[in-house]
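One structure below.
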Amino acid sequence: MPLNSYKTKFHEFLNSETINGQIFESVELLKNVKRIFFLGNGGSNAICSHMMEDFAKIARFPTFAFSDAALITCFANDYGYENAMAEWLKIHFQQGDLLIAISSSGNSANINNSVDYVNSINGDVITLSGFEKNNKLNGKGKINFWLDSKSFGIVECYHHTILHIILDELHENK
């Protein structure tokens with residue numbers, strides 16, 4: 001039954017000392033960040049758009065997400081979809097900024113290429129992935145949230161939950 005899968009995984013994730021530690025590490029990292037960039041595809045892009053708004057409104061960060069259809073199609077047409085986000089970051093990302101990269105599978109070329117670019121300029125990255133632990137994204141960030149589930153629904157919901165918890169902790173501790 002899907003409901004029981006959600007209950008089990010959410011209980012497991014919420015009680016994970018590793019994830020709880022990473023949440024507080026993320027809060028500390030964010031205390032020194034100038035701007036936040038969010039990247040994801042599909043449902044993860046929707047999470048990015050939502051969290052971009054909330055981190056701006058609640059925590060007062062300048063935030064950006066690669067989610068405008070005209071921008072995506074322009075950069076994808078000119079640079080290829082796998083390079084579109086990285087090329088956008090080359091224009092905007094600066095030292096002191098943070099990239100939050102979300103990929104349920106962790107294997108999206110455009111997300112990984114973007115993280116590789118930010119790492120090449122010694123930028124800060126938080127990754128959120130799921131599915132296989134050895135996915136291409138897991139381990140590329142300063143902080144790496146990996147969720148042991150192969151369910152898109154569970155992984156996406158918990159990525160959203162993690163980001164809301166970080167935001168709430170940040171806001172409460174300001």
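The values are calculated or read from the model by the stated rules, or taken from the named source; none is laboratory data. Every value quoted in this text rests on a predicted model; they were computed, and no experiment measured them. Quick reminder, even Gly has a Cβ in these numbers, built from the backbone with ideal geometry, and neighbours come from all protein chains shown.
Per-structure values
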item: Qualifying residue in region 10-17 (condition: modelled with pLDDT of 95 or more, closer than 24 Å to LYS142 by Cβ, part of a helix (DSSP H, G or I) and over 17 Å from the mean Cα position of the chain (by Cα)); result: yes
item: Residue match in region 56-63 (condition: surrounded by 13 or more Cβ atoms within 10 Å (Cβ to Cβ), in contact with a Ser or Thr (Cβ under 8 Å, 6 or more places away or on another chain) and more than 18 Å from THR127 (Cβ to Cβ)); result: yes
item: Test for VAL27: is it under 29 Å from SER151 (Cα atoms), touching a strand residue (DSSP E or B) at 6+ places or on another chain (Cβ under 8 Å) and either at pLDDT 95 or above or assigned to a helix (DSSP H, G or I) (or both); result: no
item: Any chance ILE72 is assigned to a strand (DSSP E or B), among the hydrophobic types (A, V, I, L, M, F, W, C) and in contact with a Phe, Trp or Tyr (Cβ under 8 Å, 6 or more places away or on another chain); result: no
item: Considering residues of region 26-55 that are more than 18 Å from VAL118 (Cβ to Cβ) and not hydrophobic (A, V, I, L, M, F, W, C) only, the residue surrounded by the fewest Cβ atoms within 10 Å (Cβ to Cβ); result: LYS31
item: Output for region 74-99, where each listed residue is farther than 16 Å from ILE111 by Cβ and surrounded by 16 or more Cβ atoms within 10 Å (Cβ to Cβ); result: ASP97
item: Long-range neighbours under 6 Å by Cβ, at least six apart or interchain, first residue under 21 Å from GLY153 (Cα atoms) within region 97-116, second aromatic (Phe, Trp, Tyr) and not in a helix (DSSP H, G or I); result: ILE100/PHE38; SER105/PHE131
item: Of residues in region 117-151 being out of contact with any strand residue (DSSP E or B) (no Cβ under 8 Å at 6 or more places or on another chain) and part of a helix (DSSP H, G or I), the one nearest to TYR6 (Cα to Cα); result: TYR117
item: In region 144-169, the residues that are closer than 17 Å to GLY21 by Cβ, hydrophobic (A, V, I, L, M, F, W, C) and crowded, with 19+ Cβ neighbours inside 10 Å; result: PHE145, TRP146, LEU147, ILE162, LEU163, ILE166
item: Residue match in region 92-109 (condition: more than 14 Å from the chain's Cα centre (by Cα) and among the charged types (D, E, K, R)); result: no
item: Any hit, region 134-148, residues being more than 22 Å from LYS34 (Cα to Cα), out of contact with any helix residue (DSSP H, G or I) (no Cβ under 9 Å at 6 or more places or on another chain) and among the small types (Gly, Ala, Ser); result: yes
item: Residue within region 96-113 that is part of a loop (DSSP other than H, G, I, E, B), of a type in the set (Asp, Glu) and within 26 Å of GLU169 (Cα to Cα) present; result: yes
